[in-house]
1. Measure off 7 Å from each Cα along the Cα-to-Cβ vector at Lys42 and Ala56, then give the distance between these two points in nanometres to one decimal.
2. So who's got an amide H within less than 5 Å of the one on Val118, skipping anything under 5 residues away but keeping other chains? H placed 1.01 Å off N, in plane.
3. With both bridge residues required to lie in the chain, what share of the DSSP beta bridges run antiparallel, to the nearest 5%?
4. May I ask you to give the solvent-accessible area per residue for the stretch 18-111, in square angstrom, as obtained with a 1.4 angstrom probe?
5. Would you look at the GNM of the chain, springs on alpha carbons closer than 10 Å, and say which of Pro231, Pro13, Pro196 moves the most?
6. Within the stretch 23-53, list the residues whose amide N lies under 18 Å from a label point set 7 Å along Cα→Cβ of Gln246.
7. Hey, any idea what % of the chain's accessible area is carbon plus sulfur with a 1.4 Å probe?
8. Rounding to the nearest 20 debye, state how big the charge dipole of the stretch 155-274 is about its Cα centre with +1 on each Lys and Arg Cβ and -1 on each Asp and Glu Cβ.
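The values are calculated or read from the model by the stated rules, or taken from the named source; none is laboratory data. These figures come from a predicted structure and were not determined experimentally. Methodologically, a virtual Cβ is constructed for each residue, glycine included, from the backbone with ideal geometry; neighbour enumeration extends over all protein chains shown. To get the accessible areas, we keep the full protein, side chains included, count just its heavy atoms, and leave off ligands, DNA and RNA. Shrake-Rupley method; radii C 1.70, N 1.55, O 1.52, S 1.80 Å.
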Amino acid sequence: MIEKNRVAAPGSPDRALLDALDLARLPRHVAVIMDGNGRWAKQRHLPRVEGHRAGAAAVRDTVETAARLGLDALTLYAFSTENWKRPQAEVSTLFTLLKEYLRREFRTLAENDIRFRVMGRTDGLDATVRSALDLALEATASCHGMVFSVALNYSGRAEIADAARRLAREAAEGRLDPESIDEEAVARRLYTADLPDPDLLIRTSGEMRISNFLLWQIAYAEIHVTPVLWPDFRCRHFLEALVDYQRRERRYGGVSASDAPAPGAPPAPAALEA
Ligand code: IPE
Ligand code: IPE
Ligand code: MG
């Protein structure tokens, strides 16, 4: 049971949104493309890195809201393999901010039973970044609440290519029958092997693209794009995304429940069977 008062105070605008939510139909896994830090800074005539600095508050708020709602998993896209193309000073500030975030927050994560994880090629990261990640990974290793993953040096295509390479190696070594390879076999070799696929993908700052994020896993995710820039993203925006998600009808290629034949209805005409 979630304690509503811990998510939003009674009488607050956030509470009205929370009351509009069906708590029994929350997504299990929410993934977020945190975008718009640079534009947020530009609007204020500040250097881009100030947008990244301000984005930390949005991360804190989002993790807290997701955990209090009792979601199984939250995945935040923090740095793509393509983001190395940015100016070196911006990249290095991004990683400094990440290290500061981890060193400041790892105890709070553990206290709230949140299990921290990283998705991506961490071996390509600086040793000081890896040790800050290890701090949070070790502190939360025995937590059993929400799984909070950060996608770092992440590429959806590379993740699928890595899974393909593992399958090929196992087959070449005689440990796997190539004929047995199915979707499940691929899924088990992704970073998300033990997580449900994201039900909801949120992107901030209005861009209508995926930018190489969780390509396999979002096959049937509902997508919510908000114009809000990441540093401004707060609990109410998260709740708005969840309300929007609950308005969607997830058909998975089928038909609407109202278009499905009623139980006991006569069979459909045989015209297509010929
Ligand atoms: C998202 O904000 C942060 C990262 C990709 C690391 P951006 O830095 O992409 O902000 P915009 O898109 O330039 O506004
Ligand atoms: C996606 O944002 C990557 C992250 C949020 C880490 P970008 O700002 O890098 O994406 P593009 O360049 O607009 O597609
Ligand atoms: Mg961007």
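1. Taking the two extended label points, one gets 2.5 nm.
2. Here Val150 satisfy the definition.
3. If we restrict to bridges inside the chain, about 0 percent are antiparallel.
4. Here the residues of the stretch 18-111 average 48 Å² of exposed surface.
5. In this elastic network of the chain, the residue with the biggest mean-square fluctuation among Pro231, Pro13, Pro196 is Pro13.
6. Taking a point 7 Å out along Cα→Cβ of Gln246, the residues of the stretch 23-53 whose backbone N falls under 18 Å are 23-31.
7. Numbers: 7610 of 14670 Å².
The C+S portion of the solvent-accessible surface of the chain is 52 percent.
8. 440 debye
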